[in-house]
Amino acid sequence: MTKIELTTVIDAPIERCFDLARSIDLHLRSTGNTKERAIAGRTTGLIEKGETVTWEAVHFGIKQQLTSRIGEMRPPYYFSDEMVKGAFKSLYHEHYFETLSGKTEMSDVFMYETPLGVLGSLFDILVLKRYMRGFLEQRNAVIKNEAERKG
């Protein structure tokens, strides 16, 4: 299992950061280069505990679909989502939020397993882990920019 951990410090209230991290609409804005769209389940607004969303996007030149379900949610401190259908063998994403010195520390713990045995592991080592880290960093930058935007 591959694990990616990221921390982003945001100069905005924890509640705002929590809501932006679970916003379907903001997620779509952060993924323009993959032509991502929400096609089933919750397709706009703020996703809630127990809800699913099915994403369709182009990754590595291949159109793919991934359905995630929000498993746990403790506003405004934590939520998790887990793949219920998609290309990965498994995928689990934990989102943590903490107020520190008047700012919000947003932390991601993103874990996944690739299919295809040794071939999948090799693809992960050579390409996928770096790609997924960049995807998450881009998403977090959009959340940070939106949360810190004045007006």
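The numbers here are math on the coordinates, done by the rules we state, and not lab data. Predicted model, so just to flag it, every value in this text is computed and none were measured. Glycine gets a Cβ as well: all are built from the backbone with ideal geometry, and neighbour counts include every protein chain shown.
Here are a few things to note about the model shown:
- Two-site FRET efficiency, Q64 against Y96, from Cβ-Cβ distance with R₀ of 22 Å, rounded to 0.05: 0.20
- The label point for R74 and the one for L122, both projected 7 Å from the Cα toward the Cβ, are 4.3 nm apart.
- Rounded to whole numbers, the Karplus 3J(HN,Hα) couplings from phi for segment 116-127 are 6, x, 4, 4, x, 5, 5, 4, 4, 5, 7, 9 Hz, using 6.51 cos²θ - 1.76 cosθ + 1.60 with θ = phi - 60°, and x at Gly and Pro.
- Checked against a 18 Å cut-off, the cross-linked pairs K3/K103; K63/K85; K103/K144; K3/K63; K3/K35; K103/K150 give Cα-Cα distances beyond that limit for K3/K103; K3/K63; K3/K35.
- At full extension, T7 and K89 could sit 27.0 nm farther apart than now, given 0.36 nm per residue minus the alpha carbon distance.
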